1. Among the residues of the stretch 37-54 satisfying the criterion of being open to solvent by less than 60 Å² (accessible area, probe 1.4 Å) and assigned to a strand (DSSP E or B), which is farthest from residue 91 (Cα to Cα)?
2. Any idea which residue in the stretch 106-149 is farthest from residue 82 (Cα to Cα), counting only those that are within 12 Å of the chain's Cα centre (by Cα) and part of a loop (DSSP other than H, G, I, E, B)?
3. I'm trying to understand the selection: among the residues of the stretch 93-120, which are buried (at least 20 other Cβ atoms within 10 Å of the Cβ) and over 23 Å from residue 221 (Cα atoms)?
4. Of everything in the stretch 178-192 that's at pLDDT 95 or above and open to solvent by less than 50 Å² (accessible area, probe 1.4 Å), which residue is nearest to residue 149 (Cα to Cα)?
5. Quick one: count up the residues across the stretch 170-199 that are part of a strand (DSSP E or B) and closer than 30 Å to residue 35 by Cα.
6. Take the stretch 150-168 and flag every residue that is without any contact (Cβ under 8 Å) to a residue 60 or more places away in the chain and outside any strand (DSSP E or B).
7. Specify the residue that is least open to solvent (accessible area, probe 1.4 Å); the eligible residues are those in the stretch 16-36 that are part of a loop (DSSP other than H, G, I, E, B) and modelled with pLDDT of 95 or more.
8. All but one of (1) under 18 Å from residue 204 (Cβ atoms); (2) among the aliphatic types (A, V, I, L, M); (3) assigned to a loop (DSSP other than H, G, I, E, B) hold for residue 102; which doesn't?
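The values are calculated or read from the model by the stated rules, or taken from the named source; none is laboratory data. None of these values were measured; they are calculated from a predicted model. Note that we place each Cβ from the backbone using ideal geometry, even for glycine, and neighbour counts take in every protein chain shown. Areas reflect the complete protein model, heavy atoms only, side chains present, ligands, DNA and RNA absent. Shrake-Rupley method; radii C 1.70, N 1.55, O 1.52, S 1.80 Å.
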Amino acid sequence: MRKITRKALTVSAVAASTVALTALPAAAATGISLPGVTTSPAAITGQNNGSVVAFNTRSGAVLTCTTLTAAGTVKLGTNVSTPEAQVTGLTFSNCTVNGLTATVTAQNLPWSLSTTNITASGVTPGKLTGVRVAVNIPSLSCTATFQGSTATNGEIAGTHTNPASAGAPSKLSLPFGAANNLRATGVSAACPASLVLPNDGASLAGVVDLRGVSSTGNEGPTVIRT
């Protein structure tokens with residue numbers, strides 16, 4: 001009787017485990033393609049579409065850069081691992097803070113770009129991680145760095161929009177109000193409170209056109225996460 005009972009319990013346990021595993025949601029799968037390109041990772045470039053803007057959420061100071069250029073790589077395939085892409089080079093030019101000439105330098109490169117949710121109507125939520133940016137206003141001898149709680153865990157939420165047509169770029173968008181954990185650190189004593197103080201937050205906005213270096217027509221990547 002004990003043997004029969006043990007056997008029954010074992011069968012029941014296996015059956016319950018099978019049902020539980022079957023009930024689990026399917027793991028997310030991300031497919032990424034560039035027309036004419038099969039080698040992964042593939043090189044991509046980025047160029048701003050309109051000015052890149054950030055404002056201090058406490059003081060209201062506004063940073064504007066009219067030019068942004070980026071270089072990076074993206075993984076290709078039907079089920080690529082996260083992070084799906086990296087930003088390996090990033091340059092900001094023609095920048096001002098409240099009208100004062102400024103320099104903006106990306107630090108802690110490469111940054112990682114990961115999808116965070118399923119694709120809907122060609123738009124995939126994602127986030128940049130590893131973000132760290134230094135701002136310098138030479139005329140005031142004012143410097144500050146915006147990062148996460150450490151030098152390597154800064155994050156900015158955004159979206160990726162697939163190309164609208166053959167040969168078109170895809171778009172990485174960072175909308176105003178999107179979640180981020182960036183805070184001012186290393187603020188120099190010369191910085192006026194009207195611009196920045198330690199631990200000030202920042203809200204960013206910008207659109208970057210992404211193109212494949214070797215893709216047909218330099219078309220941007222298509223991302224489908226299911």
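1. My answer is 42.
2. Checking each candidate, the answer is 131.
3. Answer for the stretch 93-120, where residues must be buried (at least 20 other Cβ atoms within 10 Å of the Cβ) and over 23 Å from residue 221 (Cα atoms): 95, 97, 102, 104.
4. 182
5. The number of residues fulfilling the criteria is 5.
6. Listed by number, the residues that qualify are 150, 151, 152, 153, 154, 163, 164, 165, 167, 168.
7. 34
8. Answer for residue 102: the failing condition is (3).
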